[in-house]
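Q: A single structure is presented below for examination.
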Amino acid sequence: MKLLVHLLASLGVMAVAVWAYAENNRTRAVQRDLGLLAHEIAELTEQRMMLEAEIAYLVRPDRLEALVARDVGGLGLAPMRPAQFARADEVPYPLPDALPDALPDGLPDTLAGADRTAAPLRLAEGTAP
Amino acid sequence: MIGPSEAPHPGRRGRRPAGLPHQRAEGRLFVLGLFFLCAFSVIGLRMGHLASGDPGGAEQARRMAPPAVSRAEITDRQGRILATDIAAHALYAEPQKMIDPERVARELAALLPGLDAERLVRDFTGPRSFMWLRDRLSPEQVQAVRDIGDPGLLFAPRELRFYPNGAVAAHVLGGVRFENPGVHSADVVGIAGLEMALEPRLQEGAPLALSLDLGVQATVERVLAGGMTLLGAKGAAAVLMEVATGEIVALASLPDFDPNDRPLPLTSGDPAQSPLFNRAVQGVYELGSVFKILTMAQALELGLVTPDTMVETAGPLRWGRFAIRDFHNYGPRLSATQVIVKSSNIGTARIAQQIGPERQRAFLRELGLLDPPAIELVEARQALPLAPAQWSELSAMTISYGHGLSVSPVHLAAAFATVLGDGRLVRPTLIHGAPRDLTPRRIVSPATTETMRQMMRAVVTEGTASMAEVAGYRVGGKTGTANKPRPGGGYFEDRVIATFAGVFPADAPRYVLIVSLDEPVETSGTEPRRTAGWTAVPVAAEIIRRIAPQMGMRPEIEPDPDLSLSAR
């Protein structure tokens, strides 16, 4: 009986030792991966900061203004002016013939309403309060 | 010898006397047992250690990781980058490792401007074993140097401070330089502006958001530069401050510079003429009539006047051998409101006589006009206002209309935000969301701030700042035209500092704007005009016209004060 207990205990110790050893090895492997990951993160952070700096450089106010002055693509961009603000009641209603003759059947009211507001905004270009 | 009667005990070996050998054997067994115990203990302990020991993973990972980009990014209030670090390289040479020094010298000199081929040959073939060639290279240059392909040319990694917007907000950001250059890294240290004043904070690495708005800042600088060119001014400064928080949304000083390529400080002449000089913070000037607002606010607060109190304005007002004159003759008396609207020096000086020098000085000190501004720029620490040593009654009278006390535009912005906001002390800051004093000291009552707002609005609607009217934004303001002091004493007749100190919208102030021009002249008329009403005011109006929509403020129809009366 005593021998059996001793044997079992020894086997137990051995099993635990093997498990601990394997666990230790895994930890080391994870540590190595962690180091590599940290390196990768640092590299990516550096790249990200470089890209952000590049974006900031490309959208710097001086350059944007030069692009607007050259009027790339004929966008007609101009500095924002107080006159560009307007109240809803200052936006003129569309002329009757600017509306479609009939709204398509079966459209919910909200969608029809959205259609209606799209037209006057185009007509309102150039109006000022 | 051992006889049969003393036959050995079974199991016992040897033929020795019974007592002694028994003891010796036990002793040996004991030693052996002890040895085994020790050996097993060591093995057990080692196993336990291996199984349970702290792998120290986090610590090791930190050690293995290369240091992340260290210095904090600086952004504007919307997170747009104003300053960041990018990886770059410095170039150094180890001539002893060089294969063909003459070819390297020739190709380097052709590649990098400022290097002399003959001198490089001498350096490379001499006894030196190490020399720096460039403290930073562009990526193209790095590639070109690699293409030379000599093992004696080596690169040292550097964190390069990069200001993507060039000269925009240059005076706020300041600049950096490398210190302790090494082949693995170099320290980046702030040498001016915010970079120097907040050095410890920036070393921590977390991004820092400034109160500046990049778009607004760029617009202010552009309009100011346009006005400066048009009016032939030597320099200009502008400060835009949030009334409620004291946060500075734009701070401009012209001429400016590119912090990526910071010019060297002037070695001779007036440092105030250098583009490095921050006119909005370092420049202390006699700002002229804008000070009348502060005098009037104090008189109202002390109950010495009401807006309708009549004040003597017959001139000139003589004090000893000194005479105070007005720009025009405004008749024998004006109401307190009209003193501000017409900008009467005599009227203001009379009010200052009632206030007295001690109370005036205490009030200006409370407003922070006698100390360097508490703003996060290293230059601010030296921006000590110039006040008279003897604060006499005459000093009080001249200071009441802005002569004899020199302050910076930032000082003025904070003082105006205080007397036009809710009457509590406003401290200027450049940090967005900086922790503030939640119950700042009250300087003037809400009733006084309300009256001052109306007076400043009247200056624009019917007074000297009529060109500041921007439809829908209800600008209030005050002009100031101060002759520049001569270095030898006295004042120049034809050189002025023209200032506009404004607030908008005047009925519920959100922003204070200070615009100051150095020696402007408006020449569209028959004779040159230098007063602020013709110079600083139109520039300020254009700034408001451009930035108010940018900051999302929609123009509003002014509430008519008479309308409430008819509503009964």
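The values are calculated or read from the model by the stated rules, or taken from the named source; none is laboratory data. These numbers were taken from a predicted model, which means no experiment stands behind them. Here Cβ is always computed from backbone atoms with ideal geometry, including for glycine, and neighbour counts include all displayed protein chains.
Q: For region B:235-283, what are the residues that are among the hydrophobic types (A, V, I, L, M, F, W, C) and surrounded by fewer than 19 Cβ atoms within 10 Å (Cβ to Cβ)? Can you show your working first?
A: Applying the first criterion (among the hydrophobic types (A, V, I, L, M, F, W, C)) to region B:235-283 yields B:236-241, B:243-244, B:248-252, B:254, B:257, B:264, B:266, B:272, B:276-277, B:280-281.
Within region B:235-283, B:A244, B:F257, B:L264, B:L266, B:A272 qualify.
Q: While we're looking at this one, here's another question. If I filter region B:70-77 for residues that are farther than 25 Å from B:N180 by Cα, touching a helix residue (DSSP H, G or I) at 6+ places or on another chain (Cβ under 6 Å) and among the small types (G, A, S), do I get at least one hit? Before you say what the answer is, go through the steps one by one.
A: Going through region B:70-77, the residues farther than 25 Å from B:N180 by Cα turn out to be B:75-77.
Narrowing the set further to residues that are touching a helix residue (DSSP H, G or I) at 6+ places or on another chain (Cβ under 6 Å) leaves B:76.
Remaining after also requiring among the small types (G, A, S): none.
Looking for residues that are farther than 25 Å from B:N180 by Cα, touching a helix residue (DSSP H, G or I) at 6+ places or on another chain (Cβ under 6 Å) and among the small types (G, A, S), one finds none in region B:70-77, hence no.
Q: Would a scan of region B:302-314 turn up a residue that is crowded, with 22+ Cβ neighbours inside 10 Å and acidic (D, E)?
A: There is no residue in region B:302-314 that is crowded, with 22+ Cβ neighbours inside 10 Å and acidic (D, E).
Q: Take the conditions at pLDDT 90 or above, away from chain A (no Cβ under 12 Å) and loosely packed, with under 12 Cβ neighbours inside 10 Å and apply them to B:F40. Does it pass? Before you say what the answer is, go through the steps one by one.
A: Values: at pLDDT 90 or above: yes; away from chain A (no Cβ under 12 Å): no; loosely packed, with under 12 Cβ neighbours inside 10 Å: yes.
No: the conditions fail for B:F40.
Q: Out of region B:108-122, which residues are within 21 Å of B:F178 (Cβ to Cβ) and either crowded, with 17+ Cβ neighbours inside 10 Å or touching a residue at least 40 places away in the same chain (Cβ under 8 Å) (or both)? Lay out the reasoning, then the answer.
A: Looking only at region B:108-122, we keep the residues that are within 21 Å of B:F178 (Cβ to Cβ), and these are B:108, B:112-115.
Scanning region B:108-122 gives a single hit, B:L108.
Q: Right, something else. Across region A:1-30, what is the number of residues that are in a helix (DSSP H, G or I), more than 9 Å from chain B (Cβ to nearest Cβ) and aliphatic (A, V, I, L, M)? Write out each step before concluding.
A: Going residue by residue through region A:1-30, those that are in a helix (DSSP H, G or I) are A:2-30.
Pick out the ones that are also more than 9 Å from chain B (Cβ to nearest Cβ) and you get A:2-12, A:14-15, A:18, A:22, A:25-26, A:29.
Going one step further and asking which of them are aliphatic (A, V, I, L, M), we end up with A:3-5, A:7-9, A:11, A:14-15, A:18, A:22, A:29.
So the answer is 12.
Q: Okay, next question. Give the number of residues within region B:277-295 that are charged (D, E, K, R) and out of contact with any Asp or Glu (no Cβ under 8 Å at 6 or more places or on another chain). First the steps, then the outcome.
A: The first filter runs over region B:277-295 and keeps only residues charged (D, E, K, R), leaving B:279, B:286, B:292.
Now drop any that are not out of contact with any Asp or Glu (no Cβ under 8 Å at 6 or more places or on another chain), which leaves B:286, B:292.
Total meeting the criteria: 2.
Q: Could you grab me the full set of residues in region A:31-61 that are over 30 Å from A:P79 (Cβ atoms), out of contact with any Lys or Arg (no Cβ under 9 Å at 6 or more places or on another chain) and within 7 Å of chain B (Cβ to nearest Cβ)? Explain how you work it out, then say what you get.
A: So in region A:31-61, the residues over 30 Å from A:P79 (Cβ atoms) come out as A:31-50.
Checking which are out of contact with any Lys or Arg (no Cβ under 9 Å at 6 or more places or on another chain) leaves us with A:31-34, A:36-37, A:39-50.
Within region A:31-61, A:Q31, A:L34, A:H39, A:A42, A:T45, A:E46, A:M49, A:M50 qualify.
Q: If B:Q203 passes every condition in (1) in contact (Cβ under 8 Å) with a residue 24 or more places away in the chain; (2) in contact with a strand residue (DSSP E or B) (Cβ under 9 Å, 6 or more places away or on another chain); (3) more than 21 Å from A:D62 (Cβ to Cβ) but one, which one does it miss?
A: (2)
Q: Okay, next question. Does any residue of region A:68-76 turn out to be more than 8 Å from chain B (Cβ to nearest Cβ), surrounded by 14 or more Cβ atoms within 10 Å (Cβ to Cβ) and closer than 30 Å to B:E73 by Cα?
A: So the first thing to find is which residues in region A:68-76 are more than 8 Å from chain B (Cβ to nearest Cβ), and the list is A:68-76.
With surrounded by 14 or more Cβ atoms within 10 Å (Cβ to Cβ) added as a condition, the list becomes A:68.
After this cut, where a residue has to be closer than 30 Å to B:E73 by Cα as well, the list is A:68.
Yes.
Q: Considering region B:193-234 alone, what residues qualify as being buried (at least 16 other Cβ atoms within 10 Å of the Cβ), assigned to a loop (DSSP other than H, G, I, E, B), within 14 Å of chain A (Cβ to nearest Cβ) and of a type outside the set (D, E)?
A: Within region B:193-234, B:L212 is the sole residue that qualifies.
Q: Those residues that are assigned to a loop (DSSP other than H, G, I, E, B), surrounded by fewer than 17 Cβ atoms within 10 Å (Cβ to Cβ) and in contact with an Asp or Glu (Cβ under 9 Å, 6 or more places away or on another chain), I need them from region B:159-192; list them, please. Before you say what the answer is, go through the steps one by one.
A: Here is the first cut: in region B:159-192, the residues assigned to a loop (DSSP other than H, G, I, E, B) are B:163-169, B:174, B:180-186.
Next cut, surrounded by fewer than 17 Cβ atoms within 10 Å (Cβ to Cβ) only: B:180-185.
B:N180, B:P181, B:S185 - these are the residues of region B:159-192 that are assigned to a loop (DSSP other than H, G, I, E, B), surrounded by fewer than 17 Cβ atoms within 10 Å (Cβ to Cβ) and in contact with an Asp or Glu (Cβ under 9 Å, 6 or more places away or on another chain).
Q: Got a sec? Which of B:A156, B:A144 is over 28 Å from the mean Cα position of the chain (by Cα) and either part of a helix (DSSP H, G or I) or surrounded by 22 or more Cβ atoms within 10 Å (Cβ to Cβ) (or both)? Give the steps one after another, and end with the answer.
A: Values: B:A156 fails: either part of a helix (DSSP H, G or I) or surrounded by 22 or more Cβ atoms within 10 Å (Cβ to Cβ) (or both).
One residue alone meets the criteria, B:A144.
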